[in-house]
């Protein structure tokens, strides 16, 4: 859960599971929203739920009420994983995006990242979650997953580099672990993967991970 400040107001953002929650969970969260008279709510680009305009003195109590809906962050893991509805919920989906997402959420490294690491998973080539614009992007086709690394949106956008294609879930996990480990070891502090790849280069990274 992150707290973002704007003058005297706070945003409480539950770390929902890739934007997926049951109607029962939604009903319970709505009870919390009404209990604290939250002025506004928003689904963020990271598929999280922002509760806007919460006063500072309400934060701790609200945190406690929302705890059952918060995904505990893995130590030294990625910032967040976003995923499309996948094969079960979308006619274009080739595979289960949430299953791979849960595995990627559990990745842990020897030391923490000094910059954000965002992951996007799309279960088809339409790339609804914009995997080419994330630090780690994965999208599916009939032949398997394609892994993209070093993308970024924002003020200096960069299209990520394709690392490998036709991958299984296990191969994606192995390669993501390798790419992020090289990024940790070779990048300067606070540098995002997009800027790292501009300096390091896709061919050099492929030599080390493939």
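The values are calculated or read from the model by the stated rules, or taken from the named source; none is laboratory data. Everything quoted here is computed from the prediction, not taken from an experiment. As a convention, Cβ positions derive from the backbone with ideal geometry for all residues, glycine included, and neighbour counts pool all protein chains shown.
Things worth noting here:
- Residue selected from region 116-128 under the condition in a loop (DSSP other than H, G, I, E, B) and either in contact with a helix residue (DSSP H, G or I) (Cβ under 8 Å, 6 or more places away or on another chain) or outside the structural domain of residue 173 (by TED's automatic domain parsing) (or both), by the criterion surrounded by the most Cβ atoms within 10 Å (Cβ to Cβ): 123
- So residue 134, is it at pLDDT 95 or above and over 15 Å from the mean Cα position of the chain (by Cα): no
- All of 154, 144 fail the test of being more than 22 Å from residue 182 (Cα to Cα) and out of contact with any strand residue (DSSP E or B) (no Cβ under 8 Å at 6 or more places or on another chain), apart from 154.
- Within region 149-189, considering residues that are at positive phi and under 18 Å from the mean Cα position of the chain (by Cα), the one surrounded by the fewest Cβ atoms within 10 Å (Cβ to Cβ): 154
- Some residue of region 86-97 being surrounded by 13 or more Cβ atoms within 10 Å (Cβ to Cβ), part of a helix (DSSP H, G or I) and within 20 Å of the chain's Cα centre (by Cα): yes
- Within region 67-79, tally of residues that are modelled with pLDDT of 90 or more and either in contact with a helix residue (DSSP H, G or I) (Cβ under 8 Å, 6 or more places away or on another chain) or within 19 Å of residue 29 (Cα to Cα) (or both): 2
- When residues of region 1-23 are limited to those that are modelled with pLDDT of 70 or more and part of a strand (DSSP E or B), the one nearest to residue 105 (Cα to Cα): 17
- Restricting region 190-210 to residues that are within 22 Å of the chain's Cα centre (by Cα) and outside any helix (DSSP H, G or I), the residue that is surrounded by the fewest Cβ atoms within 10 Å (Cβ to Cβ) is 190.
- Single unsatisfied condition, residue 72 versus (1) more than 28 Å from residue 195 (Cβ to Cβ); (2) in a strand (DSSP E or B): (2)
- Number of the condition not met by residue 42 [criteria: (1) in contact (Cβ under 8 Å) with a residue 24 or more places away in the chain; (2) part of a strand (DSSP E or B); (3) surrounded by fewer than 13 Cβ atoms within 10 Å (Cβ to Cβ)]: (1)
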